[in-house]
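One structure coming up, written as structure tokens, with questions to follow.
The values are calculated or read from the model by the stated rules, or taken from the named source; none is laboratory data. For clarity, every value in this text was computed on a predicted model and none was experimentally measured. Neighbour counts are summed over all protein chains in view; Cβ atoms, including those assigned to glycine, are modelled from backbone coordinates with ideal geometry. Note: accessible area is taken over every heavy atom of the protein model, side chains too, but ligands, DNA and RNA are not part of it. Shrake-Rupley method; radii C 1.70, N 1.55, O 1.52, S 1.80 Å.
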Amino acid sequence: MTTLNPHFWQEHFDQGRTPWDRGAVSPQLLNWLNSEDLRPCRIAVPGCGKGWEVVELARRGFDVTGIDYTTGAVKETGALLLSQTLTAEVIQADVLSYMPNRLFDAVYEQTCLCAIDPDHWISYATQLARWLKPGGYLYILFMQVERPGAREGLKQGPPFHCDINAMLALFNSSHWQWPDTLPTIVPHPTGWHELAICLERK
Ligand SMILES: C[S@@+](CC[C@H](N)C(=O)[O-])C[C@H]1O[C@@H](n2cnc3c(N)ncnc32)[C@H](O)[C@@H]1O
């Protein structure tokens, strides 16, 4: 299995191999913003990559913190902010150990979970719960990457398949309130798709 660390991701940035990157803000973030489900607040964007969502949130008046442990990601997010004369906090840190000095009202999670080895998923979900205020919201996109190998018990990724039953176990009812509605299906540039849902931190 590939060792996942900042060096692995930096190579992707250096070689311009970033197939996950839309080159623009996610349409689902725009849906949440335009429907006013998501209004200006203190928000974290873990694994922010090139920073399209960080910039869009900053542009709309959010107090944004982008977090990524890869130098290339932090640099590109900083440059994109600068090019639009916007400001946001961009922190180079591992989401598995980062702890904010003030809790967040919301987290926007897009393709960071699926970029983390499932061995660390419980730690990551625990982190997200710790970062949020009670009553805060987790806007999350579960990457759907059903590969034939999964039927044989193979762990394949990144991106790792975020099976809905696994997600229900990870973000379970002891900490999270799920909505009654089904997730929204969001096409992804890789050809796979995401399931978008907003969970409330209890
Ligand atoms: C697949 S990319 C997604 C980037 C962005 N969210 C997007 O959708 O375009 C995953 C990003 O998460 C970052 N990442 C992966 N594991 C991380 C960790 N443990 N801590 C911080 N960042 C991490 C990588 O550096 C990379 O920028």
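So, in region 56-68, of the ones that are over 13 Å from the mean Cα position of the chain (by Cα) and open to solvent by less than 10 Å² (accessible area, probe 1.4 Å), which residue ends up nearest to residue 26 (Cα to Cα)?
Checking each candidate, the answer is 57.
Considering only residues that are within 15 Å of residue 141 (Cβ to Cβ) and either more than 12 Å from the ligand (Cβ to nearest atom) or assigned to a loop (DSSP other than H, G, I, E, B) (or both), which ones fall in region 28-42?
30, 31, 32, 33, 37, 38
Still on this structure, please answer the following. For region 78-125, which positions are within 12 Å of the ligand (Cβ to nearest atom), part of a helix (DSSP H, G or I) and closer than 19 Å to residue 20 by Cβ?
Matches in region 78-125: 80, 113, 114, 115, 120, 121, 124.
Residue 147 versus (1) of a type in the set (D, E, K, R); (2) under 16 Å from the mean Cα position of the chain (by Cα); (3) open to solvent by less than 60 Å² (accessible area, probe 1.4 Å): which is the lone unmet condition?
(2)
Shifting gears a bit: If only one of 2, 71, 87 is touching a helix residue (DSSP H, G or I) at 6+ places or on another chain (Cβ under 8 Å), open to solvent by 30 Å² or more (accessible area, probe 1.4 Å) and modelled with pLDDT under 95, which one is it?
2
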